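Right, one structure below, let's go through it.
The values are calculated or read from the model by the stated rules, or taken from the named source; none is laboratory data. Only a predicted model underlies this, so the values are computations on that prediction, with no experimental measurement involved. For neighbour counting, all protein chains shown are included, and Cβ atoms are generated from backbone atoms with ideal geometry for every residue, glycine included. Heavy atoms of the whole protein, side chains included, go into the accessibility calculation; ligands, DNA and RNA do not. Shrake-Rupley method; radii C 1.70, N 1.55, O 1.52, S 1.80 Å.
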Amino acid sequence: MAKELKLFCFGFGQVAQYFVKSLVSQKCEFDFVTTTTSKTSFNKKIFGKNYKSLFFEGNDYDPAILNELSNSNNVLVSIPPVSDEDLVLKNFTDEFKNNKFDWITYLSSTSVYGDKNGEWVDENSETLPTSSKGKARLRSEKLWMNLYKQYQMPIRIFRLAGIYSLEHNVINKLKNNTARIIDKKNQFFSRIHTDDIAQALVKSIERPSSGEVYNICDDYPCSNEEVTVYAANLLKVPIPQKIKLDTIENEMSKSFYKDSKRVKNTKMKENLKVKLKYPTYKEGLSNIYSHLS
């Protein structure tokens, strides 16, 4: 990256944090600013980097965001739709139109594909989301792509599979007695470690390609049962009993388990030259297990 990177992060959850961590580890020259739903702070620090964290929630935001956006050349959007609205575009579309950026990435979800009965999907597959979350994601995707088409903005969309990390994973759920196995046949999920999402984001800055959609997932979609059993064996703890889908009270969780599909990552690997650090859940969970005291 020859040009100094000035990054603006709408949202600063685990994916954005792992992205910043990856940039730091690669000794990139960059500054960054984030948004927060807490109060503005001008002297935050993470991974040895100082940064500003500016208030943004609903339709309220610190006006300093406008100036910081105009001074940025790269933008990561990881804020999901709220009440079916894309709050970033609702509040800042004019700023995107009026400023020149080198790279804008919107983080979406593979939930936009809906239920494919365990069949494979790629970026050209039909999007028929079944959940309200998936439908809202797809609406946001279309709004971002319209900006690309109308104004030639350097926008790309990352459809993320089920995310896991050192902090959030099935091993921790087993230790907290919150892991569960859903009794459902022909159930396939794709997943991705935050380290590999961060890698894909860095690679996409090095290989800018506007108007593209990428599935971000590992090589091996499988059932939540297979993953949970593997993790239980690592920990040498009992395998949780299976529960019926109908017994799940949380509607968001229930809708997640209703969908079954296997997501292809060929485009990510070929176009972005991503070499997965964790090509399957086994490498990812084994690494997480190795960090346990």
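Computed log10 I(q)/I(0) for the stretch 53-135 at 0.15, 0.19, 0.20 Å⁻¹: -0.68, -0.92, -0.97, from the Debye equation with unit scatterers placed on every C-alpha and solvent omitted.
With the simple model of a label 7 Å out from the Cα in the direction of the Cβ, Lys185 to Trp120 spans 2.4 nm.
How large is the dipole of the stretch 250-293 about the Cα centre if only Lys and Arg carry +1 and Asp and Glu carry -1, each at its Cβ, rounded to the nearest 20 debye? Each step should come with its number before you reach the end.
Values: 11 positive and 4 negative charges, 55 e Å.
Charge dipole of the stretch 250-293: 260 debye, to the nearest 20.
The calculated 222 nm mean residue ellipticity attributable to helices in the chain amounts to -11000 deg cm²/dmol, summing -39500 (n - 2.57) over DSSP H runs of n ≥ 4 and dividing by all residues. Modelled label-to-label distance, Asn98 and Asp219, 7 Å Cα→beta-carbon offset: nm? Using points 7 Å along Cα→Cβ, the separation is 4.9 nm.
DSSP beta bridges fully contained in the stretch 141-293 are about 10 percent antiparallel.
In the assembled protein chains, Ile65 presents an accessible area of approximately 0 Å² (probe radius 1.4 Å).
The accessible area of Val213, taken with all protein chains in place and a 1.4 Å probe, comes to roughly 20 Å². A straight Cα-to-Cα reach below 21 Å connects Lys6 with the lysines Lys21, Lys27, Lys44, Lys45, Lys49, Lys52, Lys97, Lys100, Lys203, residues fewer than 8 places away in its own chain not being considered.
Legend: calculated FRET efficiency, Thr178 to Gln152, from the Cβ-Cβ distance at R0 = 35 Å, rounded to 0.05, equals 0.15. Among Leu201, Leu107, Leu235, the largest mean-square fluctuation in a Gaussian network model of the chain, built with springs joining Cα atoms closer than 10 Å, belongs to Leu235. With both labels modelled 7 Å from their Cα along Cα-to-Cβ, the Leu292 to Glu226 distance reads 2.2 nm.
Just checking the listed ones, Phe92, Phe256, Phe158: in the Gaussian network model of the chain with Cα springs under 10 Å, the one fluctuating most is Phe92.
The dipole here belongs to the chain: it is taken about the Cα centre, uses +1 on the Cβ of Lys and Arg and -1 on the Cβ of Asp and Glu, and is about 560 debye. For the stretch 201-225 versus the stretch 238-284, the spacing of their alpha-carbon centroids is 14 Å.
Once the Cα atoms of helix 194-206 and of the chain are each reduced to a long axis, what angle between those two axes, in degrees from 0 to 90 to the nearest 10, is obtained? Roughly 40 degrees between the two axes. Count Lys and Arg as plus one, Asp and Glu as minus one, and take only other residues whose Cβ is under 12 Å from that of Val75; the net charge is then 0.
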